[in-house]
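Engineer: Below is one structure. I have some questions about it.
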Amino acid sequence: MRSIGSMLVSKFCVFCGNPPENKNKEHVLPQWLLKETGDPKRVVKMCFNYRTKQHIEFSWNSLTMPSCTTCNDEFSGLEGQIKPIIQALLRREGVSVENYISLMDWMDKVRVGLWLNYHILQGNPTGIDPNFHIKERIGRKDRYLAVHSIDTDKMGLNAFGVESLVFHNAPICFGLKINSILLVNISADFIFSERAGFPYPTRCEYISVGDFMGAHKLADFEMNKHIEHPVLHPRMHKASIELVQPILQADVKTSASVGPQKTMRNFLGVNWDVDSYLTPRTYPPHFQAQGVLLRQLQDQTISLPELAQVIEFDSVTGDESQPIGELVAQIYEYQNMLFEKAVPDGVSVDDEPWKGILSFNSAVAEEYRKRSGG
């Protein structure tokens, strides 16, 4: 087994991106989760280092990133909330809306943490200079969470999609298998806003030069003021739980001059005539960014405005039930689809390196599908 400790040389805190103060170590996948799923010291073979041209094997508990002590302490409370939630899901018990929001926060944390970790672990093959870290992504972008029940009594922990070059370029979609459940997480700017009835930009320009190179300029916002079913479109295979949360994006220009507790007009695409529509579609206290959770069922999408409401598992039987390999294959295929949608004008995904990156994902998806006999 290769030691990865010396490879994970980072000058930034995984949470805030600043040089770590009173340097600490953050386990990207927490210790309690490693113990919940088997031996924390078990060796896994998870990825390929493109710089050294070698496969990487490591023990889960060695997967760490530098962090500030204060940042680490700040997020320890979230970890404490998540352990009983995961344990309840493993028992197929209902969980409250409020707890699912916390779980979505945690999946944001894990997704970004794995992205930052793997780009170093794999020799930074895409030349990433991270311009955001965990703190800037928790609860800040539209997001989706699916909980799939897996028919197995074997313990185990697997992260899917985090090693792909598509994920390196855009950490939007990944999967996390925890014993007998598979969690699928998707999150990006305005990815569900249009179908969820929230403001969305109809014009997006890629900035190719200057201080904001690589960012997007958003303009010409519209809002449908109704929910289109399914909100995740095209939809994935049926899951026991499917949740979507639209999230308003802060407008840097107006937020400094307009108090967030007085109006919603410090968010992009929001003006005086939509305040009254959006306010009751966020959780109290109102005038905040996070929209009410939407539960996507087979024939309809429903709002879940009460934080104490318990969300029960939906049955997935017969032709609706899919083997784990098919569910995992879908993660890699969805990464490709989302990546192609995000490609700037004038760039062709039929050109290298994009063609090779997408082909790799397609090959991985096909391999997982073969393992399931699909």
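Engineer: What pairs from LYS23/LYS83; LYS83/LYS154; LYS135/LYS370; LYS141/LYS177 go past 27 Å between their alpha carbons?
Structural biologist: Working: LYS23/LYS83 25 Å; LYS83/LYS154 19 Å; LYS135/LYS370 38 Å; LYS141/LYS177 23 Å.
Beyond 27 Å: LYS135/LYS370.
Engineer: Using just the helices of the chain, give the 222 nm mean residue ellipticity in deg cm²/dmol: DSSP H runs with n ≥ 4 each add -39,500 (n - 2.57), and the total is spread over all residues, rounded to 500.
Structural biologist: The helix-only estimate for the chain comes to -9000 deg cm²/dmol at 222 nm.
Engineer: Modelled label-to-label distance, SER303 and LEU78, 7 Å Cα→beta-carbon offset: nm?
Structural biologist: Roughly 2.7 nm, to one decimal.
Engineer: Next question. By how many nm would the segment from ASN158 to ASN224 grow when fully extended, if each residue of separation counts as 0.36 nm and the alpha-carbon distance is taken off?
Structural biologist: Values: separation 66, 0.36 × 66 = 23.76 nm, distance 3.85 nm.
Between ASN158 and ASN224, full extension yields 19.9 nm more.
Engineer: How high is the relative contact order of the range 282-345? Use alpha-carbon pairs under 8 Å, at least six apart in sequence, and give a whole percent.
Structural biologist: 16
Engineer: Sticking with this one: Assuming a viscosity of 1.567 mPa s and a temperature of 4 °C, what translational diffusion coefficient in µm² per second does Stokes-Einstein assign to the range 80-196, Rh being the Kirkwood radius over Cα pairs?
Structural biologist: Here the translational diffusion coefficient equals 86 µm²/s.
Engineer: Check which residues have an amide H placed less than 5 Å from VAL292's amide H, if you skip close sequence neighbours.
Structural biologist: THR282, TYR283
Engineer: Calculate, for SER321 and ASP351, the FRET efficiency according to 1/(1 + (r/R0)^6) with r their C-beta to C-beta distance and R0 41 Å; round to the nearest 0.05. Spell out each step's value before the answer.
Structural biologist: Numbers: r = 39 Å, r/R0 = 0.96.
About 0.55, to the nearest 0.05.
Engineer: Report the equivalent ellipsoid semi-axes for the range 283-322 in whole Å, largest first, defined as the square roots of five times the eigenvalues of the gyration tensor built from alpha carbon atoms.
Structural biologist: Each semi-axis is the square root of five times an eigenvalue, giving 28, 11, 7 Å.
Engineer: What nm distance separates the two modelled labels at LYS25 and ASP314, each placed 7 Å from Cα along Cα→Cβ?
Structural biologist: 4.2
Engineer: With N residues in the range 21-159, what two-decimal value do you get for its Cα radius of gyration over 2.2 N^0.38 Å?
Structural biologist: My calculation over the Cα atoms of the range 21-159 gives 1.11.
Engineer: Okay, next question. Provide Rg and Dmax in Å for the range 290-374, with only Cα atoms included in the calculation.
Structural biologist: Radius of gyration, then largest Cα-Cα span, for the range 290-374: 17.9, 50 Å.
Engineer: Could you work out the relative contact order of the range 119-249, using alpha carbon pairs under 8 angstrom and six or more residues apart, expressed as a whole percent?
Structural biologist: 30
Engineer: Between ARG203 and SER276, what FRET efficiency follows from the Cβ-Cβ distance if R0 is 35 Å, with the result rounded to 0.05?
Structural biologist: Working: r = 26 Å, r/R0 = 0.74.
Calculated transfer efficiency: 0.85.
Each value in this text was obtained by applying a stated rule to the coordinates, not by laboratory testing. Please read these numbers as outputs of a predicted model, since none were measured by experiment. Virtual Cβ from ideal backbone geometry, glycine too; neighbours counted across all protein chains shown.
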